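Structure, as structure tokens:
The values are calculated or read from the model by the stated rules, or taken from the named source; none is laboratory data. Keep in mind that this is a model prediction, so the values were computed, not measured. Neighbour counts run over all protein chains shown; Cβ positions are idealised from the backbone, glycine included. Surface accessibility is based on the protein's heavy atoms, side chains included, excluding ligands, DNA and RNA. Shrake-Rupley method; radii C 1.70, N 1.55, O 1.52, S 1.80 Å.
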Amino acid sequence: MGKDLSVSRLCDVYGSLLTEHKRQIVREYYDDDLSLAEIAENHGTSRQAALCSIKQAEKQLRSYESKLGFLQKTDGIAKELDELSRIIDGNISSAREIVERIKSEL
């Protein structure tokens, strides 16, 4: 199973909506880079049960993002802020336009 590291970012945003057990398993798998065997041993379960918990949590996290879009919105704001910082020393009117776009996204 290849690791989709975007799940770690989704867990940063929506992890509190998962059960403590699922959040811990996702963190161990993605952030601590533990194997399924290590996670199973830590939780007194099978590798298959650990994998099922990870898959369920991934599905939940993606569903939250699909419905709420917080990660997409924050990524958009970060991109606008990067653009703003690049031009702030040059053209003040362009900087004001970007500030207005950011405000409209909030």
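What number results when the radius of gyration of the chain, computed over Cα atoms, is divided by 2.2 N^0.38 Å?
1.45
If the limit is 22 Å between Cα atoms, which of Lys3/Lys55; Lys22/Lys73; Lys22/Lys79; Lys59/Lys103; Lys73/Lys103; Lys22/Lys59 go over it?
Listed pairs above 22 Å: Lys22/Lys73; Lys22/Lys79; Lys59/Lys103.
Taking all protein chains in place and a 1.4 Å probe, what share, in percent, of the accessible surface of the chain do carbon and sulfur account for? Please report the intermediate quantities before stating the final value.
On the way: 3510 of 6850 Å².
Whole-percent figure for carbon plus sulfur exposure: 51.
Projected onto the charge dipole of the chain (+1 at Lys/Arg Cβ, -1 at Asp/Glu Cβ, origin at the Cα centre), which of Leu18, Tyr29, Ile102 gives the Cα projection farthest towards the positive end?
About the Cα centre, the residue reaching furthest to the positive side is Leu18.
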